[in-house]
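Only one structure is covered here, and it is reproduced in the block below.
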Amino acid sequence: MAPSNALTPPSEDFPRWYQDVVASAEMADNGPVRGTMVIRPYGYSIWERIQRELDDRIKAAGAQNAYFPLFIPESYLAREAEHVEGFSPELAVVTHAGGEDLAEPVVVRPTSETVIGEFMAKWIQSYRDLPLLLNQWANVVRWELRPRLFLRSSEFLWQEGHTAHATAADAAAYARRIHLEVYYDVIASIMAVPAYVGIKSPRERFAGAINTLTCEGMMRDGKALQMSTSHELGQNFARAFDIVFQSEAGPSAHCHTTSWGASTRLIGGLIMAHGDDRGLVVPPRLAPIQAVVIPVRDEPDVVEVAQRLVDELRGAGVRVTLDAARGSFGRRVTDWEIKGVPVRVEVGPRDLAEGRVTIARRDDEAKEPVALAAVSGRVRSLLEEIQASLFDEATRRRDAATTDVVDLDAALEAAETGFARLPWAVVGAEGEARLNAKAVTVRCLQRPDGTTPDSPDEPDLVALVARAY
RNA sequence: CGGGAAGUAGCGCAGCUUGGUUAGCGCGCCUGGUUUGGGACCAGGAGGUCGCGGGUUCAAAUCCCGCCUUCCCGACCA
């Protein structure tokens, strides 16, 4: 029978479904100020998992965490012409503080290239100070015209890495390393999203960058979501902020800098890449709660076994929780389905009489009886199976919704339902403008084998185009 | 910011056209009881300056004006 407060089916109204999931899974609420977001504990616990996976890899890549101020002098932004042009429409500016008008307005950071550049200039003197590899976890503010929880909020949480290098080659290699070893790895192996990796067209590049690398995820409605970016900034910011070092041979030179970021938008990507009619689906490696043990009836011996299984699973390294004495069995099951918990261990008197429990997986809702003694082993193997299966399924959907075409008209048609792939030479700057007029954008450029090119000018590149969030 | 829709209890809505006493309904919430193998049931209860401001009127959720907010589509973006 149809529950009265069911989610809107995604096939019927995908944006509505997205909002329903965000609300029902207790991920986030709208804040009181337009476009702001309250991240609720469950949503935040997913963010903490993402943070941890990213942070571990960022540190493995040699970068160190630091923190720079929220407030940036307005004049800093103006020092890099393209940068200020790109960001000024969405800046929040403080003009009044401490009871009086400020002599110089203060910008609430939309990103920190400028303020970090200023300090890099102070800290870097010699080639021995390079590379300087910094990262910060912070909130940033961009006054977006059309906010949407997680996908585009006026304030969002992210990490932003900023590095300075002696040579263009070193900077390019580092940006690429972050792109692949941090972002793609977390997105693919933890979030189970088979993102397309590539570089942005010059038109889509970050304001002030000479090259932008991107991970483009495909959502279940066929639209693209930029899930991370990694920029080569050339010497643009080094010149604007005098980030200069003296080389081993003697002469001074401007550094080559990079910046790279991933944000709470990833949570929106998670929802839209894996979610289904029943709600969120969280891949096991990402899940804050990997398994929930549910006593079918609130009877002492049943709850006791359930508690014992929780302890055993926790001891086996599974992130597990017990859900007892809280309403009907059906209610509890559906609540955890909406939250996307990968595995449910259902403990009932009938099963227990036969020395077993029922284990259900969230991704395909298959159920199987498992002997009590085998529970933790089976849960752990199931978590691995689900992780792999989610990635495989998402890859299958991605490939099915990616169409190879030969001209712009066919690309526009294919972009109605997914991605189109065509030679970059066929698109060009004029073709890109034509696509943009129909709300279709060049998501990324790839080599024919799918790897990430060094420059849009490489021969034989292919363009992936799509509608995007 | 342009086009469209909507603001009435925590959420979703009805009531408005044709102004009129204590503004209803479903879900949720509280209390008690019975329940619990897929979104439980019964009984009792709490909860609303009808988005904000102004106007018309004996009387405004209802009519008029202005503003704000939210959602959808577009341009911008992580």
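Here are the numbers for this structure:
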{"read-out": "Matching option when the condition is farther than 24 Å from A:ILE386 by Cα, open to solvent by less than 10 Å² (accessible area, probe 1.4 Å) and near RNA strand B (Cβ under 10 Å from one of its atoms), among A:PHE206, A:PHE150", "value": "A:PHE150"}
{"read-out": "Set A:ILE46, A:ILE39, A:ILE58, A:ILE50: member being among the β-branched types (Val, Ile, Thr) and touching a Pro at 6+ places or on another chain (Cβ under 7 Å)", "value": "A:ILE46"}
{"read-out": "First in the range A:257-282 and closer than 30 Å to A:VAL115 by Cα, second anywhere and crowded, with 24+ Cβ neighbours inside 10 Å and acidic (Asp, Glu), Cβ under 7 Å, 6 or more apart", "value": "A:THR258/A:GLU232; A:SER259/A:GLU113"}
{"read-out": "Strands (runs of 3 or more DSSP E) enclosed by the range A:349-458 - at least 1 residues per element that are away from RNA strand B (no atom under 15 Å from the Cβ)", "value": "A:402-404, A:419-423, A:441-446"}
{"read-out": "Evaluation of A:THR321 against (1) away from RNA strand B (no atom under 16 Å from the Cβ); (2) part of a loop (DSSP other than H, G, I, E, B); (3) of a type outside the set (Asp, Glu); (4) more than 29 Å from A:ASP221 (Cα to Cα) (one fails), failing number", "value": "(2)"}
{"read-out": "Test: residue in the range A:65-80 that is farther than 27 Å from A:ILE178 by Cα, out of contact with any strand residue (DSSP E or B) (no Cβ under 8 Å at 6 or more places or on another chain) and either of a type in the set (S, T, N, Q) or part of a helix (DSSP H, G or I) (or both)", "value": "yes"}
{"read-out": "In the range A:84-104, residue most open to solvent (accessible area, probe 1.4 Å) [restricted to those that are under 19 Å from A:GLU155 (Cα atoms) and not small (Gly, Ala, Ser)]", "value": "A:PRO89"}
{"read-out": "Inter-residue pairs, beta-carbon under 9 Å, first closer than 13 Å to A:ALA291 by Cβ and in the range A:359-375, second aromatic (Phe, Trp, Tyr), 6+ apart", "value": "A:ARG362/A:TRP336"}
{"read-out": "Identity of the residue in the range A:118-141, assigned to a loop (DSSP other than H, G, I, E, B) and open to solvent by 40 Å² or more (accessible area, probe 1.4 Å), that ends up farthest from RNA strand B (Cβ to nearest atom)", "value": "A:GLN125"}
{"read-out": "From the options A:VAL193, A:VAL182, residue that is part of a loop (DSSP other than H, G, I, E, B), within 16 Å of RNA strand B (Cβ to nearest atom) and open to solvent by less than 20 Å² (accessible area, probe 1.4 Å)", "value": "A:VAL193"}
{"read-out": "Residues being open to solvent by less than 40 Å² (accessible area, probe 1.4 Å) and under 12 Å from A:GLY268 (Cβ atoms) - total across the range A:10-38", "value": "6"}
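The values are calculated or read from the model by the stated rules, or taken from the named source; none is laboratory data. As the structure is a prediction and not an experimental result, all values here were calculated from the model. We place every Cβ from the backbone using ideal geometry, glycine too, and count neighbours over all the protein chains shown. Quick note on the areas: whole protein, heavy atoms, side chains included, nothing else; ligands and nucleic acids left out. Shrake-Rupley method; radii C 1.70, N 1.55, O 1.52, S 1.80 Å.
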